[in-house]
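Here the structure is laid out as C-alpha cells; the discussion comes afterwards.
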Amino acid sequence: MNSGQKMPLYQGDDGKLYFNFAVGLSVLIRERIGKEIEEYTLTVTGCHYDGATEYYDVERDGLPLPSQQSANRVKFLVSRYGVKTLAAGIRRELPLLLEEVKAYYESREQWHAWAIRKAESLPRYSTLSRAASSYSQPIGIALAYERTEEAARLQQEQYKAQRELEQYLTENGIQPYLLKEPPHCQSCGGKGYLPSGKICRCALALTAKIKEYNAAKRRKEAQ
C-alpha cells in the first residue's frame, strides 16, 4: 500500500463527507516516462479509508495495479497527466468517522445537561413532573391485583399528565426527549468509542443519526 499524505476530505452540498474520487472514475492518461509518452486509461474500481488517508483500487487499461493508491497519488496522476475524463463514476460516502462520533456524543451530553437546567428553572416543571411520575406505582399495584379497569383509568390519567408536561416544556423551548438521560453503554462508558480509539458498537448502531447530526452542523457552519 502506498503511503500518502492526508488529503482534505470532500464535503458534499448535503454536508456529508465523501471520498475525493468516485468509484468508476475513468480518465485517459498521457504520461511521459523518460523519452516515451505512454497513453492509458486509469480507472478507480474501489475506495477505502483507514481513519486518516483515502486509498483506491485502480486499474490501468483494465489491469489492476499491484497496490492501492493514496488519494494524493490519484490526484497527481489525474491532475498532471489526465487529458480526458471518460466516465465520472459515483462518489461514495465515507464510513463513520471517530471525529463525528465524538462530536455527536459530546453534544448529546451537553444538550441533556442544558435541558435539565432549563427545565428546573421553570416554575411549574417540578409540579408537573411529579404529577406525571406519581402514577407508576398505583398502576403497578392495580395490575398486580388484576384491577384492570382501575389500571386503565390510571394509565389514561398518566397519559394526560405526561402530555401536559411535554406541552409545557415545548412551549418553553425544551424538547422533552432531551430530558431523558442518554443511554450509558458499558463498553465505552457513554463516549461512543473505546480506549483503543475504535468506534464502539453503540455508536455504529447510530451511524445514520450521527452522520445526519454532523452533516446538519456542517451545513449550518457553511451558511
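The values are calculated or read from the model by the stated rules, or taken from the named source; none is laboratory data. None of the values given here were measured: they were computed from a predicted structure. With ideal geometry, Cβ positions are generated from the backbone for all residues, glycine too; neighbour counts draw on all protein chains shown. The area values use the complete protein model at the heavy-atom level, side chains included, leaving out ligands, DNA and RNA. Shrake-Rupley method; radii C 1.70, N 1.55, O 1.52, S 1.80 Å.
Taking only the alpha-carbon atoms of the chain, what semi-axes of the equivalent ellipsoid follow from 5 times the gyration tensor eigenvalues under a square root, in whole Å, largest first?
Value: 56, 18, 16 Å, ordered largest first.
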* Structure fact -> Counting sequence-distant residues (5 or more places) and residues on other chains, those with an amide H built under 5 Å from that of residue 86 are 26, 27, 28
* Using the alpha-carbon atoms, what tilt in degrees (0 to 90, nearest 10) does helix 148-171 show relative to the longest principal axis of the chain? -> 60 degrees
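Note the direction-averaged projected area, equal to a quarter of the hull surface, for the Cα convex hull of the range 147-202, in nm².
The directionally averaged projection comes out at 6.3 nm².
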* Residues whose placed amide H lies under 5 Å from that of residue 15, excluding near-sequence neighbours -> none
* Dipole of the range 30-119 [Lys/Arg +1, Asp/Glu -1 at C-beta], most positive-end residue of 116, 96, 49 -> 116
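Using a/c under 1.5 as the rounded threshold, could you call the range 42-86 rounded, prolate or oblate? The axes a ≥ b ≥ c are square roots of the C-alpha gyration tensor eigenvalues, and prolate needs a/b larger than b/c, oblate otherwise. Each step should come with its number before you reach the end.
Numbers: a/c = 2.26, a/b = 1.35, b/c = 1.68.
Judged from the Cα gyration tensor, the range 42-86 comes out oblate (a/c at least 1.5, b/c at or above a/b).
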* Asked: Roughly how many debye, to the nearest 20, is the charge dipole of the chain about its Cα centre, given +1 on each Lys and Arg Cβ, -1 on each Asp and Glu Cβ, and no other charges?
  -> 460 debye
* To do: Could you work out the relative contact order of the range 47-102, using alpha carbon pairs under 8 angstrom and six or more residues apart, expressed as a whole percent?
  => 27 percent
* To do: Could you order 112, 48, 184 so the one with the most accessible surface comes first? Probe is 1.4 Å.
  => 184, 48, 112
* Structure fact -> For residue 9, the accessible surface traced by a 1.4 Å probe with all protein chains present amounts, in square angstrom to the nearest 10, to 50 Å²
* **Cysteines, the chain, no other Cys beta-carbon under 4.7 Å** => 47
* For residue 41, solvent-accessible area (1.4 Å; no DNA, RNA or ligand), Å² -> 40 Å²
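In whole percent, what relative contact order does the chain give with Cα contacts below 8 Å and a gap of six or more residues?
Details: 307 pairs, mean separation 47.6, N = 223.
Value for the chain: 21 percent.
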* Take the solvent-accessible surface of the protein heavy atoms, probe 1.4 Å, and return the percent of it on the chain that carbon and sulfur atoms account for. => 50 percent
* How much net charge surrounds residue 188 when only the other residues with a Cβ under 10 Å from the Cβ of residue 188 are counted, with Lys and Arg +1 and Asp and Glu -1? -> +3
* Cβ-based net charge around residue 41, under 9 Å, with every Lys or Arg adding one and every Asp or Glu removing one -> -2
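Taking loop as defined by DSSP and a crowding limit of 10 other beta carbons within 10 Å, which trypsin sites (Lys or Arg not before Pro) in the range 19-94 fit?
On the way: sites: 30, 32, 35, 60, 73, 75, 80, 84, 91, 92; in loops: 35, 91, 92.
Taking the range 19-94 and a limit of 10 other Cβ atoms within 10 Å, the loop trypsin sites (Lys or Arg not before Pro) found are 35.
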* Spatial separation of Cα centroids for the range 68-90 and the range 142-161, in angstrom -> 67 Å
* To do: May I ask you to give the solvent-accessible area per residue for the range 1-82, in square angstrom, as obtained with a 1.4 angstrom probe?
  => 55 Å²
* Asked: Amide H neighbours of residue 20 under 5 Å, counting only residues 5+ apart in sequence or on other chains, H built in-plane at 1.01 Å?
  -> 10
* Charge dipole (the chain, unit charges on Cβ, about Cα centre) - positive-most of 214, 167, 34 -> 34
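Okay, helix-only estimate at 222 nm for the chain: each DSSP H run of n ≥ 4 adds -39500 (n - 2.57), divide by all residues, round to 500 deg cm²/dmol; what do you get? Kindly include the intermediate steps, with their values, before the conclusion.
On the way: 7 runs with 96 residues, N = 223.
Here the helix-only value at 222 nm equals -14000 deg cm²/dmol.
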* Structure fact -> trypsin sites (Lys or Arg not before Pro) in the range 103-193 lying in a DSSP loop, each with at most 16 other Cβ atoms within 10 Å of its Cβ, come to 124, 147, 180
* Return the whole-Å distance between the Cα centroid of the range 165-223 and the Cα centroid of the range 97-138. => 13 Å
* Under 19 Å from the Cα of residue 209, which lysines turn up, not counting those fewer than eight places away in the same chain? -> 16, 102, 180, 191, 198, 217, 220
* Across the range 215-223, in residue order, what do the Karplus-derived ³J(HN,Hα) couplings come to in whole Hz, using 6.51 cos²θ - 1.76 cosθ + 1.60 with θ = phi - 60° and x for Gly and Pro? -> 5, 5, 5, 5, 4, 5, 5, 7, 6
* C-alpha long axis of helix 98-120 to longest principal axis of the chain, angle in ° -> 20 degrees
